[in-house]
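Asks: So that we are looking at the same thing, I have put the structure below in structure tokens.
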Amino acid sequence: MAEKLGTYHISSNPADYELARSNFFTFIVDDIENLVRSDFGLEEPEESDFLRGGQEALKLSVNKSSVPHFELGTIEMRRGNSVIKYAGNPTFPEGSLQVQDFVGLKVKSILMAWQALAYDVINDKGGRAADYKKKGTLIEYTHDHEKIREWELVGCWISSIKEDEYDVSSDSDRKIDCVIQYDRAIMHDPLV
């Protein structure tokens with residue numbers, strides 16, 4: 001006879017059935033501590049042109065983050081009427097970040113300065129990958145702050161920034177949506 005599993009089984013094994021929750025996470029981007037404002041156009045930046053504390057400001061501002069995964073292409077081999085499939089090249093689709101626009105933390109300026117490392121609108125120049133590609137880290141926690149999983153995003157950068165429109169009839173907070181690209185995502189599972 002098959003074992004009957006139900007809620008009593010779950011309640012008698014609480015350590016195994018602790019729910020993962022979607023609102024306990026942190027998103028960190030390395031090496032964005034001293035970005036230069038995106039509207040900077042002079043030869044030598046002055047102290048007031050630097051945005052300090054970008055890593056901490058972004059970490060505190062992220063509301064939502066997509067969960068990284070990869071997709072495998074398919075290679076088909078045909079013989080007669082049959083087809084067999086093999087795994088092809090992996091691709092990592094774009095991800096998304098939504099951040100709260102905190103004026104004092106200069107969140108919007110930090111995001112735009114990071115994006116400007118890939119393309120400088122003022123000077124019409126593309127950037128170098130060594131400057132705009134950063135290491136991103138997405139960490140998932142239990143509600144009592146024990147680390148569950150961690151993803152290392154290699155070659156992370158912003159390809160698009162989008163905001164809600166200004167609206168005099170609305171009294172809501174402002175959020176900024178970013179599309180992020182990365183070369184690969186490596187998941188680490190510290191609880192195993």
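The values are calculated or read from the model by the stated rules, or taken from the named source; none is laboratory data. These figures come from a predicted structure and were not determined experimentally. Counting neighbours? That spans all protein chains shown, and the Cβs are built from the backbone with ideal geometry, glycine included. Side chains included, ligands, DNA and RNA excluded: accessible areas come from the protein's heavy atoms. Shrake-Rupley method; radii C 1.70, N 1.55, O 1.52, S 1.80 Å.
Asks: What are the residues in the stretch 113-130 that are exposed (fewer than 12 other Cβ atoms within 10 Å of the Cβ) and within 25 Å of Val67 (Cα to Cα), if any?
Replies: Scanning the stretch 113-130 gives a single hit, Ala130.
Asks: Looking at the structure I just gave you, is Leu51 surrounded by 11 or more Cβ atoms within 10 Å (Cβ to Cβ) and at pLDDT 95 or above?
Replies: When the stated conditions are applied, Leu51 does not pass them.
Yes or no, residue by residue, for (1) out of contact with any strand residue (DSSP E or B) (no Cβ under 8 Å at 6 or more places or on another chain); (2) aliphatic (A, V, I, L, M); (3) within 25 Å of Asp183 (Cβ to Cβ):
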site: Leu35; (1), (2), (3): no, yes, yes
site: Ser61; (1), (2), (3): no, no, yes
site: Phe102; (1), (2), (3): yes, no, no
site: Ser109; (1), (2), (3): no, no, no
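Asks: Enumerate the strands (runs of 3 or more DSSP E) found wholly within the stretch 13-126, keeping only those where 3 or more residues are among the hydroxyl-bearing types (Ser, Thr, Tyr).
Replies: Here the list reads 82-91.
Asks: Those residues that are free of Cβ contacts under 8 Å to residues at least 60 places away in the same chain and open to solvent by less than 80 Å² (accessible area, probe 1.4 Å), I need them from the stretch 132-149; list them, please.
Replies: Answer for the stretch 132-149, where residues must be free of Cβ contacts under 8 Å to residues at least 60 places away in the same chain and open to solvent by less than 80 Å² (accessible area, probe 1.4 Å): Tyr132, Lys133, Lys147, Arg149.
Asks: Restrict the check to the stretch 93-106 and report whether at least one residue is among the acidic types (Asp, Glu) and open to solvent by 100 Å² or more (accessible area, probe 1.4 Å).
Replies: yes
Asks: Based on what the data block shows, is Ser159 under 18 Å from Phe27 (Cβ atoms), open to solvent by 40 Å² or more (accessible area, probe 1.4 Å) and among the small types (Gly, Ala, Ser)?
Replies: yes
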